[in-house]
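The block underneath contains the structure these notes are about, expressed in structure tokens.
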Amino acid sequence: MRFNHFLILVFTILTITRSFSFEFSVSGEQHVDTDEQYQVLNTALTHDFYDALFVADLSYYTDNKSSPALKGNYYSGYFFLEQGGFIWKKENFEFSIGRLAPVSMIESPYSLFISSNEISTITSNFYIESTHFFFQTQWIQLNQNSTIKTDEFEKGFPDRGANIRYYGLQFGDMRFGLKDSALYYGRSFDLEYFVNPLPSYFIQHINTSPGKPWQQNDNENALVGLFFDFTRPDYYIYSQVILDDLNVHMFFDDSHSNPNKIGWSMGGTYNFTFGKMGFYHVGATKYLFEPTRNRDPYGYTYYPDSTYYLTNGTEVGIKPEDNYIGYKYGENNLAFLISYIPEISYLDLKGELEFVVSGSKSPVNPWHQYTEYEQGGLYTKMLDESPLEKRISLNIDAVKQLSEGLSIYSNVELGYIWNKLELTAVPQEYIDYYENQDSDFDDTLEYDTEYLKYFSPSSDSEPIASFSIGVTYSYSPF
């Protein structure tokens, strides 16, 4: 059978079967802010059948964050795979696989284990629940067959992956439970972390400790946390806490030998007569989500670097919000947010007022400008430098349905940033100091200053002023 005959057959079957439906959407956006102007064109195809959803979503950007896929002046932007996968949902069961955005079980702009920015990647998720128990296991592919090379990784970044699990109890509208995560390198998928419901801490230490015929390489890191939420018709409240690099020192000594790496988040919403209001708060100590040993790329990030290069040789910094698997602003941070959704029948409107304080962040080097924690990481630290970045912003989203399948949307953001975080190389005096030291640590190899860049508050301040507008049209032939 020829391929076009096959397509005709499939289309005929879908047309005569009422349980099948297609929806095709196209959207275009124009962005204007204080730095640049750019456009986004998005096309998406979704297909519902029975309890399953098929989705394919592709975008075209002109914001210069990535190089074009084809060499030459064929076009000025680049294509981006937004989503592409399969989602199957039943009443007490869910399974998904494909390039999708991992979604946190906690409804919050400051979720801790999964970023609220919903960064898409190759992932698979399995969720099941009963009357009082629920369990979710999710795998996330990070690096796979990387060709990005540095002095540290001359053959490209090693394959990396992560698994996140939720173990919970629910009683009516209340849920609470345990969360854990494992991040590993040397492979992008680990079957045991995905299918074995034991907490990652036990799997890691049982499988990597010596004296066993099944011993594995010690190339992984475990995180653990607790969560609680309570949902009622008029309000919702939640709280979360996360511990990175779980160790006994945080419970039995003064944290001198290993600084605590902790994050917390809390908040909720309430439905007033004039609309829905929310308040959220989050905090994260220094070194949260970072690797413990230099050159071991198991920081809790999608990429084990802070920069990359375009094909024309331009260096581009990876914003922390685009890199962290967990809490979007990462370590060394405090944030507060107030949201408001008014009751307007003819317009979907949402406003957010946010204040964020940040210190230096280093998704790559575990101790920022230092090579060993003893040089600067003793005791738990948080916002212990000057200056600090301070940011206040007002964000307004609006969506207006013009007709069936046609809508217009816009976003406005206004604010100001004091002492803006900027990508910084490790100071040369530290490099010289490291190279002249005789240390018992395995961190004495020559440092790659390009690889070890981190974000640090600067003397620069600037306003925030951005505006975007777009139109979406969706069509379903059935």
- Query: For His132 and Arg232 in the same chain, what is the full-extension length gain: residue separation times 0.36 nm, less their Cα-Cα distance, in nm?
  - Reply: 34.3 nm
- Item | Kirkwood hydrodynamic radius over Cα pairs of segment 83-167, then Stokes diffusion coefficient at 37 °C and 0.692 mPa s, in µm²/s | 227
- Item | q = 0.17 Å⁻¹, segment 63-212: log10 I(q)/I(0) [Debye, one scatterer per Cα] | -1.12
- Flagged as over-length at 24 Å C-alpha distance, from Lys179/Lys286; Lys179/Lys350; Lys261/Lys453; Lys350/Lys381, the pairs are Lys179/Lys350; Lys350/Lys381
- Task: Note down the nm distance, to one decimal, between modelled labels 7 Å out along Cα→Cβ at Leu353 and at Asn271.
- Result: 2.4
- Item | Dimensionless Rg over Rh [segment 118-185; C-alpha; Kirkwood] | 1.19
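Arrange the peptides 208-217, 411-420 so that the one whose residues have, on average, the most other Cβ atoms within 10 Å appears first.
Ranked by mean Cβ neighbours within 10 Å, highest first: 411-420, 208-217.
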- Item | Residues Tyr327, Tyr127, Tyr270, Tyr185 arranged by fewest to most Cβ contacts within 10 Å | Tyr270, Tyr127, Tyr185, Tyr327
- Task: Return Tyr370, Tyr280 ranked ascending by Cβ neighbour count within 10 Å, so the fewest neighbours appear first.
- Result: Tyr370, Tyr280
- Hey, for a label at Phe49 modelled as a point 7 Å past Cα toward Cβ, could you say which residues of segment 84-101 have their backbone N under 14 Å away? 86-88
- The alpha-carbon pair-distance distribution computed for segment 267-397, with 10 angstrom bins and whole-percent values, is 12, 32, 28, 18, 8, 2
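Any read-out appearing in this document is the output of simple, stated calculations on the displayed coordinates, not a laboratory observation. This structure is a prediction, so every number in the text was calculated from the model and none was measured. Cβ sites come from the backbone with ideal geometry, for glycine too, and all protein chains shown count toward neighbours.
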